[in-house]
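Right, one structure below, let's go through it.
The values are calculated or read from the model by the stated rules, or taken from the named source; none is laboratory data. Note that the structure is a prediction, hence the values are computed from the model and not measured. We place every Cβ from the backbone using ideal geometry, glycine too, and count neighbours over all the protein chains shown. With ligands, DNA and RNA removed, areas are computed over all heavy atoms of the protein, side chains included. Shrake-Rupley method; radii C 1.70, N 1.55, O 1.52, S 1.80 Å.
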Amino acid sequence: AASLRNLIAIAIGTIPGIQSQLRRLPLTERDRAQLEKIAALRKDVVGLGERIKAMKADGQILESQSALKEKFLPATLVYMAALREFATLQEEAGAEVRASIATGRRTTVLIAGVMVLAVLACTMVGAHFLIRAIKQPLDQAIGIASRIAEGDLSTKIDTHRTDEFGQLMAALQTMTGS
């Protein structure tokens, strides 16, 4: 019994420190109001406990037992209910935070998906223009080479390009000139 009293005394002694830590947290008005309610109920329970101890010390055993049953125990039940209400508030706040994180995650995934689609679309458009830039002069060179192969050396060849296709056209021009 003495070791249980010591544990209870230690637990009761840590409560103000925990309350102080809770007050420093970013709490909602509901949280703060609930903490104030808890503090007031705790004060009542502690005060009742001290009065019951004083009654026992004064030899008022029956009165102390009556006060214990009629006042102290109901007050501790109300105090415990207030603690549970605070725990419920914290669980609700945690659920709200988790929901907010899930919404943020969905938004991030959606944005990433849109970005991937945009990159793919840009890649496809770029590939289309690149293929067209290669295919048109290549088709032109194939057409000229086919006419030269058929014996038409009078084909007019545009040699204004300065890239590899320009070199190919210049080579075909040289073939028609010889």
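Hey, what number do you get for the chain at 222 nm if only DSSP H runs of n ≥ 4 count, each worth -39500 (n - 2.57), divided across all residues, to the nearest 500?
-30500 deg cm²/dmol
Two numbers describe the Cα atoms of the chain: Rg and Dmax, which are 43.9, 134 Å.
Counting protein heavy atoms only, the chain has 65 percent of its accessible area on carbon and sulfur, 1.4 angstrom probe.
Net charge around Leu68, counting only other residues with Cβ within less than 11 Å of its Cβ (Lys, Arg = +1; Asp, Glu = -1)?
Working: positive: Arg51, Lys53, Lys56, Lys69, Lys71; negative: Glu63, Glu70.
That sum, taken over residues with Cβ under 11 Å, equals +3.
If a spin label sat at a point 7 angstrom from the Cα of Ala141 along the line to its beta carbon, the backbone N atoms of region 163-178 nearer than 14 Å would be those of 163-175.
Spatial offset of region 101-178 relative to region 48-68 amounts to 99 Å, using the alpha carbon center of each. Here is the P(r) of region 22-85: all C-alpha pair distances, binned every 5 Å from 0, give 4, 19, 21, 18, 13, 10, 8, 5, 3, 0 in whole percents.
Of the residues Gln19, Gln167, Gln34, the one that moves most in a GNM of the chain with alpha-carbon contacts below 10 Å is Gln167.
Counting heavy atoms of the protein chains only and a 1.4 Å probe, report the per residue accessible area for region 47-178 as a whole number of Å². Write down the numbers at each step before the final one.
Working: 9810 Å² over 132 residues.
Using a 1.4 Å probe on heavy atoms only, each residue of region 47-178 averages 74 Å².
Backbone phi angles across region 117-132, fed through the Karplus curve with coefficients 6.51, -1.76 and 1.60 (θ = phi - 60°), yield HN-Hα couplings of 4, 5, 5, 4, 4, 5, 5, 5, 5, x, 5, 4, 5, 5, 4, 4 Hz in residue order; Gly and Pro are listed as x.
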